[in-house]
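First comes the structure, then the notes that go with it.
Read-outs: derived from the displayed coordinates by stated rules, not from any lab. Fair warning: this is a prediction, and the values are worked out from it, not measured in the lab. Note that we place each Cβ from the backbone using ideal geometry, even for glycine, and neighbour counts take in every protein chain shown.
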Amino acid sequence: MPLADDLDHLALISLDFPSFADGRAFSKARLLRDKYGFEGQIRATGDVRIDQISHMRRSGCDALQVSHQPTIDALIDVKDPGLELYYQPAAVSEGSAVTGKSWARRAL
């Protein structure tokens with residue numbers, strides 16, 4: 001990562017979400033937090049939609065720049081759908097799936 005050596009000198013990194021279907025910035029945020037230990041602000045910009053905000057927070061984004069009016073309206077009305085544990089949990093143990101429900105997992 002070209003910025004890896006300079007992360008200690010940065011207070012903010014802005015990650016662009018160019019379209020609803022482009023999730024590369026989720027991976028970048030996760031790498032910045034987990035692999036590189038970045039503790040500054042990670043701001044999601046671009047095509048930020050309400051359905052993605054919980055995923056953005058989970059991946060390491062802690063600020064948003066929202067221009068999509070329906071998303072702004074939903075945030076004003078506090079309509080963040082959130083994420084439950086069973087939705088792609090970050091940490092699961094091998095064999096932790098509930099019998100018959102591969103999507104239902106328990107945390108480690």
Once amide hydrogens are built 1.01 Å from N within the peptide plane, the residues lying 5 or more places from residue 14 or on another chain with amide H under 5 Å from its amide H are 43
Does anything in the range 38-54 have its amide N under 14 Å from the 7 Å Cα→Cβ label point of residue 77, and if so which residues?
-> 50-51
Please list the non-local residues whose amide H lies under 5 Å from the amide H of residue 46, H modeled 1.01 Å from N, same-chain partners needing a gap of 5 or more.
-> 17
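What net charge is computed for the residues neighbouring residue 20, neighbours being all others with C-beta under 11 Å from the C-beta of residue 20, Lys and Arg scored +1, Asp and Glu -1? Walk me through the numbers on the way to the answer.
On the way: positive: 49; negative: 22, 47, 51.
After counting each charged neighbour, the total is -2.
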